[in-house]
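Before any comments, here is the structure.
What follows draws every value from the coordinates through simple rules; no lab data is involved. Just so it is clear, the model here is predicted, and its values are computed rather than measured. FYI the Cβ positions are ideal-geometry reconstructions off the backbone, even for glycines, and counts take in every protein chain you see.
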Amino acid sequence: MNTILVVDDERSIVELLTVILKKEGYNVLTNPGAPGVYEDIDQKDIDLLICDIKMPQVDGMEVLRRLKEKKPTVPAIMITAFASVKQAVEALRLGAMDYLTKPFDIEELKVLVANGLEHRRLLEENRLLKQTFRDEVSFENMIGKSRVMREVYNLIEKVASTDSTVLITGESGTGKELAARAIHANSRRKERAFVSINCAALPENLLESELFGHVKGSFTGAVTDKKGMFETAQAGTIFLDEVGETSPWTQVKLFRVLQERTIRRVGGNEEIPVDVRIIAATNQNLRRRIEEGKFREELFYRLNVISVDMPALRKRTEDIPLLIQHFLQKHCTKMGRKLKRLTPDVVSALVNYPWPGNVRELENVIERICAVEERETISMESLPSDIVNAGAVQAGGPPSLAPGFNLETHLDQVAKAYIQEAGGAAAGNMRRMADLLGVSYRSLRYLIKKYQIRPVRGGEQVDLGGVAKPRPPYPTR
């Protein structure tokens, strides 16, 4: 049973709150605004505080400060007279979850109490999870208590103590860089640099210079010698994101670094020894790219000493409420907004949405809600249409075997929907779409022709002949 501490010098308010809260099934402790409230906070096990701001014997703001100092995860609801709203806003800045003005609405109080206790439960669950895996620093940005995430935490903890090369796989937006940073932060190299580079973001010649450095005069614009990222990460960790996008020539040079542990700057002859741990990541199927001749097999085996697979968000839906609360807290605090509250149907819609963009997409949706919505309580109309529509489709259930039902037509519709979803997740890249759908590139081309679907790449529609034509996303003929 949750315990709530009520602090107010008005006896009628204390008695009213006691009756209301006990009817809701809570254990209630009271204090009449006496100095003993500090001992109550220090010594008693409480789950939520309701406290008046202005009292003759103690200052409610000091009570709040003491609570946040001693028990920072315990939520506080402050009570204020209308004339002291400015002070109530200051209480929010000090860490109060919300405030009520006298006379307050009983139903609003019940909602605030329930939300505060639920928020604390989620925080405590996450804290205990971190403690279980001895993660006070390295896992602080990795949220989740599902079985698959616990397996990831376990593996990170084991591989961090070694210097072995790690390959992190998973769809875009699953948190591959967070996993890399967690490995580094738990390793013996944690006091040294963690250097990250997105291999897909730079053209080949610039990527080579960024990775390995260059000597003066090696190309136009090279006016001085420059260290590359391997040298910058000396004694630390280098993270090669989207390594599957590197060119064959860059792959040869990376293989040489892994084998010889030396680098040669662009235009230089000197072999420079490097002591770095290499962590690479990709959202592609590298074995398939090897078969297609686009990734060197020997480099794959050098990188894939230890593999960490980051699960898609749709495979750990039980973590979504935790992530929602985390992102609400993060972005509301960052924007200086009061913490938003989501209605149960909104949470249900977010949990049931397939999230092709994974955690990154979920955070973007929550950030938009925090930035755009003025209301404190978020309802379904605040959600993007694709999330609402996805919920409507799910609510429809399986098709009915009514007169006129055609299995072949229904399967075609399902196939078209999956191809279009894969196109959105892969930004129209046909190879990635094939990987997501688990079919060969040739099979995907056949299906796209069969259903007359035109995937989109970079905002342009690409037909199967390769001629780019501007069009809106995913029309069907």
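Here are some notes:
- In terms of its C-alpha gyration tensor, the range 165-309 comes out oblate, because a/c is 1.5 or above while a/b does not outweigh b/c.
- Rounded to the nearest 0.05, the FRET efficiency derived from the C-beta distance between Arg188 and Thr317 at R0 = 45 Å is 0.80.
- Leading residue at positive end of dipole, the chain (Cβ point charges), from Thr343, Leu123, Gly175: Gly175
- Listed residues Ser187, Ile324, Gln420: farthest to the positive end of the dipole of the chain (Cβ charges): Gln420
- Taking other residues whose beta carbon is less than 12 angstrom from the beta carbon of Glu318, and scoring Lys, Arg as +1 and Asp, Glu as -1, yields +4.
- Rounded to whole numbers, the Karplus 3J(HN,Hα) couplings from phi for the range 272-285 are 10, x, 10, 10, 9, 8, 9, 10, 10, 9, 7, 9, 10, 8 Hz, using 6.51 cos²θ - 1.76 cosθ + 1.60 with θ = phi - 60°, and x at Gly and Pro.
- Under the shape rule built on the C-alpha gyration tensor, where the axes satisfy a ≥ b ≥ c, the range 178-229 is oblate, since a/c reaches at least 1.5 while a/b does not exceed b/c.
- Across the range 214-230, rounded Karplus estimates of 3J(HN,Hα) from the backbone phi angles (6.51 cos²θ - 1.76 cosθ + 1.60, θ = phi - 60°) give 8, 9, 4, x, 6, 7, 4, x, 7, 8, 9, 5, 9, 6, x, 5, 5 Hz, Gly and Pro being marked x.
- Unit charges on C-beta of K, R, D, E only; dipole of the chain, Debye: 1500
- Where labels lie 7 Å past Cα in the beta-carbon direction, separation of Arg93 and Arg375 in nm: 3.0
- Once backbone amide H atoms are built at 1.01 Å from N, Val28 has Ile4 as its partners under 5 Å, excluding neighbours fewer than 5 places away on the same chain.
- Distances between placed amide hydrogens fall under 5 Å for Val266 paired with Gly213, His214, Val215, all partners being 5 or more residues away or on another chain.
- Extension reserve of the Lys110-Thr3 stretch, reckoned as 0.36 nm per residue once the Cα distance is removed: 37.1 nm
- Gap separating the Cα centres of the range 147-187 and the range 293-358, nearest whole Å: 15
- The residues packed around His331, meaning those with a beta-carbon under 10 Å from its beta-carbon, carry a net charge of +3 if Lys and Arg are +1 and Asp and Glu are -1.
- Once the C-beta distance of Lys334 and Glu271 is scaled by a Förster radius of 56 Å, the resulting FRET efficiency is 0.75 to the nearest 0.05.
- Only the Cβ atoms of Lys and Arg (+1) and of Asp and Glu (-1) were treated as charged; on that basis the dipole of the range 40-96 about its Cα centre amounts to roughly 200 debye.
- Cα gyration tensor, the range 12-112 - rounded (a/c under 1.5), prolate or oblate: rounded
- Selection from Ile290, Trp249, Val274, by position along the positive dipole direction of the range 228-307 (Cβ): Ile290
- Direction-averaged projected area, Cα convex hull, the chain: 30.2 nm², rounded to one decimal.
- Per-residue 3J(HN,Hα) values for the range 165-175, derived from phi via the Karplus relation 6.51 cos²θ - 1.76 cosθ + 1.60 with θ = phi - 60°, read 5, 10, 10, 9, 10, x, 5, 4, x, 8, x Hz in sequence order (x marks Gly and Pro).
- Amide H contacts under 5 Å for Arg277: Gly236, Thr237, Ile238, restricted to partners 5 or more places along the chain or on a different chain, H placed in the peptide plane at 1.01 Å from N.
- Local electrostatic count, Leu100, Cβ distance below 15 Å [Lys/Arg +1, Asp/Glu -1]: -3
- Between 0 and 90°, nearest 10: helix 385-396 axis offset from the chain longest Cα axis: 80
- If the segment from Glu408 to Val148 were pulled out straight at 0.36 nm per residue, it would be longer than the present Cα-Cα gap by 90.0 nm.
- Cα→Cβ-extended label distance, 7 Å offset, between Gln43 and Asn205, nm: 7.6
- Above-threshold pairs, the threshold being 29 Å between Cα atoms, out of Lys190/Lys338; Lys190/Lys226; Lys71/Lys158; Lys54/Lys338; Lys253/Lys449: Lys190/Lys338; Lys71/Lys158; Lys253/Lys449
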